[in-house]
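The block underneath contains the structure these notes are about, expressed in C-alpha cells.
Laboratory data are not the source of any read-out in this text; all were calculated from the coordinates shown. Bear in mind that the values here come from a model prediction, so they are computed numbers and not experimental data. Please note: Cβ atoms are built from the backbone with ideal geometry, for glycine as well, and neighbour counts cover all protein chains shown.
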Amino acid sequence: MAFSGTGRDVWIAEALRTPMGRGHAQKGWYRDVHPTTMLAEVYKALLASTSLADTDVEDIIVGTTSPFGEQSRNVGRNAWLAAGYSPTVPAVQVDRRCGSAQTAVSMAAAYVASGTHDVVLAGGVEHMGHIPMSAVGEIEKLYGPAWPAELLESADFPTMGEAAERIAEQWGISRAAMDDFAVCSHRLAAEAVAEGRFEREMVPMHLDGEIRTSDQGIRPDTSIDSLATLKPVFRPETGRVTAGTSSPMTDGAAGVLLASDEAADKFGLTKRARILDQTTVGVDPSIMLTGPIPATRKLLERNDMTIDDIDLFEVNEAFASVVLAWEQELKPDMDRVNVNGGAIALGHPVGTTGSRLFATLLAEMERRDVEVGLVTMCCGGGLGTATLVQRV
C-alpha cells in the first residue's frame with residue numbers, strides 16, 4: 001500500500017457532532033433552536049476537548065447548502081461570535097451541496113498542508129426544519145432561477161429523488177434490495193446507540209427539556225413489512241424509491257479540528273488520524289448522485305490501493321440506491337460499510353453530513369483499532385467527494 005500526497009502532514013485532532021434532530025417545524029428537537037446555536041455548541045465542545053485557546057484557531061470553514069435567512073451572512077463566523085470567542089478569528093461559508101462540510105474539511109486540510117495555517121476548524125450546519133430544501137424555490141420566485149433557459153436546453157437537472165430512481169433503474173436495484181438496506185441502516189444505528197458507540201463523537205444538547213445524546217430519526221422497529229406499505233415518492237406509479245429508502249430532512253451541526261504536525265505537538269493535540277488524500281469529481285448531472293463511484297476509484301488508483309485496503313467506509317446514505325450502486329461497482333466487503341447505520345437512520349442535514357461522517361468514522365476506527373478509512377458522498381448537481389484517512 002503506497003500513499004500519495006505532498007506538503008505537510010495534516011492531522012485530525014478532534015471531530016464532534018450534535019445529535020441529529022428531525023427537520024420538522026413542530027416535532028423536531030431543534031424547532032426552537034437557531035442554527036448558529038447548534039454550531040456554537042460544537043465549537044465549544046471542540047475547544048473544550050483540547051488545550052487550545054480560541055485565538056489559536058487561524059481560520060474557520062463551514063459548509064451550508066441553504067445560505068438564506070438564519071444560515072446567511074457567514075453562519076460560521078456568526079456562530080463563533082455567538083460562542084463568545086475572539087472576533088480576530090475569521091471564517092468563510094462554502095456550498096458544494098451535500099458535500100459542503102466535507103469540502104470544508106478538504107479546504108482546511110489544504111490550508112494546513114500548504115503551510116498557510118497551522119490550526120483550522122472545519123464543519124457544517126443545516127437547519128432543514130427552519131430552512132427546508134424548498135426554500136430555494138421561494139428565493140428563485142423573487143430573484144430568478146439558478147438555471148437559465150439556455151442551460152436547461154443543453155443539460156438535464158432532475159430532482160435528487162428522480163436521480164435516485166434513475167440509479168436504481170440503471171443498476172437494476174430492486175425496491176426489495178433498497179428496503180432491506182434501509183432496515184439494516186436502522187438496525188445498525190439502534191445497536192450503536194444501545195452499545196454507546198456514538199458517545200465519543202456526540203456533543204450532548206439540552207433539547208425539549210432533556211439532554212439528548214442520540215439521534216431523533218432512528219426507528220428500531222423498522223421492518224420489511226412496514227417499509228412495504230410506503231408508496232414511491234418521486235415516481236408515484238412506477239417508482240422504487242420511498243421515504244423509507246431516502247434520508248430524511250434533518251437538523252444538526254458537526255465540526256472537525258485540523259492541525260499541522262508542529263501545531264499538534266505545540267498544543268498537545270491528539271493526532272487521531274491524518275488526511276492521506278482527498279478529491280472531488282464531477283459526474284453527469286442527469287444522474288447526479290453517482291459521484292462516490294469515480295471519487296473512490298480515483299483515490300484508490302492514485303494511492304496504489306485496492307478496495308480491500310480500506311478497513312472502514314462511510315458512504316453517505318442520501319438514498320439506498322446510491323450506496324447499492326457504489327457497492328456493485330467497487331465490490332467492497334459490506335460488513336465494513338456504514339457499520340453504525342447511515343443517513344437513512346441518523347438523518348442527513350445536507351450541509352453538515354460531510355463533517356459528521358468524519359466524527360463517526362474516527363470513533364469507530366478507534367473502537368476497532370483499524371488503520372485506514374474512507375469518507376465519500378454524492379452531491380446535488382453531479383458532484384462527488386472522497387477523503388482517505390489513516391490512524392498512525
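Observations, loosely collected:
- Taking every DSSP beta bridge that has both ends in the stretch 248-392, the antiparallel portion is near 75%.
- Distance between the C-alpha centres of the stretch 368-387 and the stretch 242-284: 9 Å, rounded to the whole angstrom.
- For the stretch 42-79 and the stretch 193-239, distance of Cα centres in Å: 26
- Other residues within the sphere of radius under 13 Å centred on the Cβ of GLU162, judged by their own Cβ, net out at 0 (K and R +1, D and E -1).
- From least to most packed, judged by other beta carbons within 10 angstrom and beginning with the fewest, LEU188, LEU151, LEU324 follow the order LEU151, LEU188, LEU324.
- Among PHE319, PHE181, sorting on how many other beta-carbon atoms sit within 10 Å of each Cβ, with the fewest leading, yields PHE181, PHE319.
- Peptides 376-385, 210-219 ordered by average Cβ neighbours within 10 Å, highest first: 376-385, 210-219
- Local net charge near LEU47, Cβ-Cβ under 14 Å (Lys/Arg +1, Asp/Glu -1): -4
- Too-long pairs where the Cα-Cα distance tops 32 Å, listed order kept, from LYS27/LYS271; LYS271/LYS298; LYS44/LYS298; LYS141/LYS331; LYS27/LYS298; LYS44/LYS266: LYS27/LYS271; LYS44/LYS298; LYS141/LYS331; LYS27/LYS298
- The residues PHE157, PHE68, PHE198, PHE313, when put in order of fewest to most other Cβ atoms within 10 Å, stand as PHE68, PHE157, PHE198, PHE313.
- Size of electric dipole in the stretch 53-169: Cβ of Lys, Arg +1 and of Asp, Glu -1, about Cα centre, debye, nearest 20: 240
- The stretch 195-286 shape via C-alpha gyration tensor axes, a/c threshold 1.5: oblate
- Positive-end residue of GLY347, MET334, LEU357, charge dipole of the stretch 305-362 with Cβ unit charges: GLY347
- Taking Lys and Arg as +1 and Asp and Glu as -1, the other residues whose beta-carbon sits under 14 Å from that of HIS130 total -2.
- Taking the average, over residues, of other Cβ atoms within 10 Å as the packing measure, peptides 128-138, 282-292 rank 282-292, 128-138 from highest down.
- Restricting attention to the chain, close to 70% of DSSP beta bridges with both partner residues there are antiparallel.
- Helical mean residue ellipticity (222 nm; -39500 (n - 2.57) per DSSP H run of 4+; nearest 500) of the chain: -10000 deg cm²/dmol
- Hits among aspartates and glutamates - C-alpha to C-alpha of LYS231 under 15 Å, sequence gap 8 or more where chains match: GLU162, GLU165, ASP179
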